[in-house]
Amino acid sequence: MKKTFVGVLALTALSAAMGSAFAQTAAADGLAMTADEKEKAKKIYFERCAGCHGVLRKGATGKNLEPHWTKKDKDGNVTEGGTLKLGQQRLEKIIGYGTDGGMVNFDDILTKEELTLMAKYIQNTPDVPPEYSFKDTVDSWKVIVPVDKRPTKQMNKINLKNVFSVTLRDTGEVALIDGDTKEIVNIVKTGYAVHISRLSASGRYVYVVGRDGRLSLIDLWMEKPAVVAEVKIGFDARSVDTSKFKGFEDKYAVAGSYWPPQYVIMDGDTLKPRKVVSTRGMTVDGEYHPEPRVASIVASFIKPEWVINIKETGQILLVDYSDIENLKTTTIGSAKFLHDGGWDASKRYFLVAANASNKIAAVDTKTGKLAALVNTAKIPHPGRGANFVHPKFGPVWATGHLGADVVTLISTPSDDKKFAKYKEYNWKVVQEMKHVPGNLFVKTHPKSKHFWADAPQNPDKDLAESVAVWDMADLSKPKAVLNVAKDSGLPPTKAVKRAVHPEYSADGKEVWISLWGGKTDQSAIVVYDDATLKVKKVITDPKMITPTGKFNVYNTQHDIY
Ligand code: DHE
């Protein structure tokens, strides 16, 4: 995992809230720290480490970092399991230089003193951050424009289907961009290190979640679309979705929290909190886990249900929202460390990466059962994946990999008779297309002939700044490699301009790629013509800083990928 990705938790709030809880730890062993040192280490840990290792340091994508094996002690240097305890010097080396196992080096962004400090910090007992109750959520809730003061019809002339909600990661904002004119309609303040946007079933409301747990609701019908309600659902969050089943359109939103590990159900048009549900419990291996974080959430179109994926336990929850007072949940065991995922083409099966287990779990939302657990190459990272009809193997769903140089194609079932002959391949890896490691997102569109994959986490600058494009009709043809940073015409910067997250326009004719540059650098979104692979437009602006995810209204509303 790369440091830009491992990155940033919700920090200020969580770090402050943890306050004095740390004080009693580690006095002996030369590991005692002053209050100032602890404060500094805590902040660095949240910003750089917790995303992969967890707040309680139980490990997820990253290893367990509890003192029982980070700290050497007088009883010996080997754990009960026979693992060598690490100790100060070895830890400093690992944090500084990284490991072959996927831990990146931090020697270029942390000083020598900070490396020493962090090695010391993770030999101390982890703090337990405070809980965040339903009352806390309710107290944080703000309606900025009440429903009866909002428009009753669309008040602007924008083609709302083709609006893109663009994450400006490090400024904690999203840019709403008109996909037809490529003009920025508005830039709105959202949560810290803002993460993803999702749409209401009608396409009117955009829900944006920040890593600080702030959920912002944007009304696209306003003359100038803006935030109409806000709520803080936890200290640290990544996911949100809405109710999309017939009869429940725009009724509810649900957001998942990393800390505390829980999800919150809200009214869709006001974000009024309705219910909070803890996700603590047993892993698929039958062990209790105190920090099972809520990873991806997706709304079913065939039932009033959300698929809620719990990272550390490997449990996939099908939460029936038809009666939230008497919530019914189906719990499906899959594999540990669930992360991101998307629907197959039929939208019956949800495929989610158990990334640190190198598996894709597929859940059948019609029967409410696990359909398959597919072994893949290292660290699958699909984003939402991509669906297309393979010339030889029929319908497939694709995932890229952070840790391997392939894109994996998995055959998915179909009720369509013309695909019956491909049944024997279902849930098998039918092909691995050669790519490069460090891929985060893949994308295609039902109207496109092309398949796109980025590689923003690749250590090679040129590869990180480029995307690869395959012709889906003939995957044996050499892929085209487009250097997006060069194509943007932006001046050179010290920071790598990582080309990230291909997203299609509503008509499937354009592909938008973000250039995720330095924290203060003006950057851009490069728009390609999908048919010719030529640059159509470079969208740039002084406020275009660290653009990452882009969410086209129509494609996100209908889960088209
Ligand atoms: Fe994400 C989706 C978690 C870092 C950009 N990311 C997701 C989802 C999860 C997740 C659980 C699925 C949400 C859903 O579908 O409901 N992301 C995490 C992390 O825990 C992690 C690894 C580390 C962290 O500390 O946050 C992390 N993510 C990043 C980034 O650094 C990225 C590349 C840039 C950024 O803006 O933060 C990033 N993540 C994204 C994007 C999606 C996403 C763009 C949605 C993809 C889509 O097409 O729907």
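The values are calculated or read from the model by the stated rules, or taken from the named source; none is laboratory data. Here the structure is a predicted model, which means the values were calculated and not measured. Ideal geometry is used to build each Cβ from the backbone, glycine not excepted, and the neighbour counts take in all protein chains shown. All accessible areas refer to the heavy atoms of the entire protein, side chains included, with ligands and DNA or RNA removed. Shrake-Rupley method; radii C 1.70, N 1.55, O 1.52, S 1.80 Å.
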What do you get for the angle between helix 87-97 and the principal long axis of the chain? Use alpha-carbon atoms, 0 to 90 degrees, nearest ten. 30 degrees
Using only the alpha-carbon atoms, how far is helix 112-121 inclined from the longest principal axis of the chain? Give it as 0 to 90 degrees, nearest 10. 80 degrees
Please give the peptides 86-92, 262-268 ranked by average Cβ packing (other Cβ atoms within 10 Å per residue), highest first, as a rough proxy for protection. 262-268, 86-92
Extension length gain for residue 282 and residue 147 (0.36 nm per residue less Cα distance), in nm, is 44.5 nm
With the Cα gyration tensor of region 281-424 giving a ≥ b ≥ c as the square roots of its eigenvalues, does the rule (a/c under 1.5 for rounded; else a/b larger than b/c for prolate; else oblate) give rounded, prolate or oblate? oblate
Descending packing, highest mean Cβ count within 10 Å first, for 483-496, 173-186 is 173-186, 483-496
Run the helix sum for the chain: -39,500 (n - 2.57) per DSSP H stretch of 4+ residues, divided by residue count, reported at 222 nm to the nearest 500 deg cm²/dmol. -3000 deg cm²/dmol
As an exercise, use a Förster radius of 22 Å and the Cβ-Cβ distance of residue 509 and residue 481 to find the FRET efficiency, rounded to the nearest 0.05. 0.55
With every protein chain in place, region 446-533: carbon and sulfur % of accessible area (1.4 Å): 55 percent
Given Cα pairs under 8 Å that are at least 6 residues apart, what percent is the relative contact order of region 23-121? 22 percent
Can you work out the Karplus-derived ³J(HN,Hα) for every residue in region 267-279? Use 6.51 cos²θ - 1.76 cosθ + 1.60 with θ = phi - 60°, whole Hz, and x for glycine or proline. 5, x, 9, 10, 6, 4, x, 10, 6, 10, 10, 6, 10
Can you give me the distance in nm between label points at residue 303 and residue 133, each placed 7 Å from the Cα along the Cα-to-Cβ direction? 3.4 nm
I need to check one value: relative contact order of the chain, counting alpha carbon pairs closer than 8 Å and at least 6 residues apart, in percent. 9 percent
Lys and Arg at +1, Asp and Glu at -1: add these up for the other residues within a Cβ distance under 15 Å of residue 416 and post the number. +4
What pairs in 58/378; 93/519; 153/443; 392/461; 58/93; 157/182 have C-alpha atoms more than 23 Å from each other? 93/519; 153/443; 392/461
If you roll a 1.4 angstrom probe over the protein chains with everything in place, what fraction of the accessible area of region 263-376 belongs to carbon and sulfur, to the nearest %? 47 percent
May I ask you to give the percent of accessible area on region 106-198 that is carbon plus sulfur, with a probe radius of 1.4 Å? 56 percent
Applying the Karplus parametrisation 6.51 cos²θ - 1.76 cosθ + 1.60 with θ = phi - 60° to the phi angles of region 186-194, what ³J(HN,Hα) value in whole Hz is obtained for each residue in order, glycine and proline being reported as x? 6, 10, 10, 6, 10, x, 5, 6, 3
Per residue value of the accessible surface for the chain (all protein chains in place, 1.4 Å probe), Å²: 39 Å²
Could you order the peptides 63-72, 152-161 from most to least packed, using the average number of other C-beta atoms within 10 Å per residue? 63-72, 152-161
Most positive-pole-ward Cα, 245, 193, 203, against dipole of region 150-265 from beta carbon charges: 245
Quick check: residue separation of residue 249 and residue 369 times 0.36 nm, minus the Cα distance between them. What number comes out in nm? 40.7 nm
I'd like the orientation of helix 35-44 relative to the chain: the angle between its Cα long axis and the longest Cα principal axis, in ° from 0 to 90, rounded to 10. 30 degrees
When only Cα pairs under 8 Å and 6 or more residues apart are kept, what is the percent relative contact order across region 318-392? 26 percent
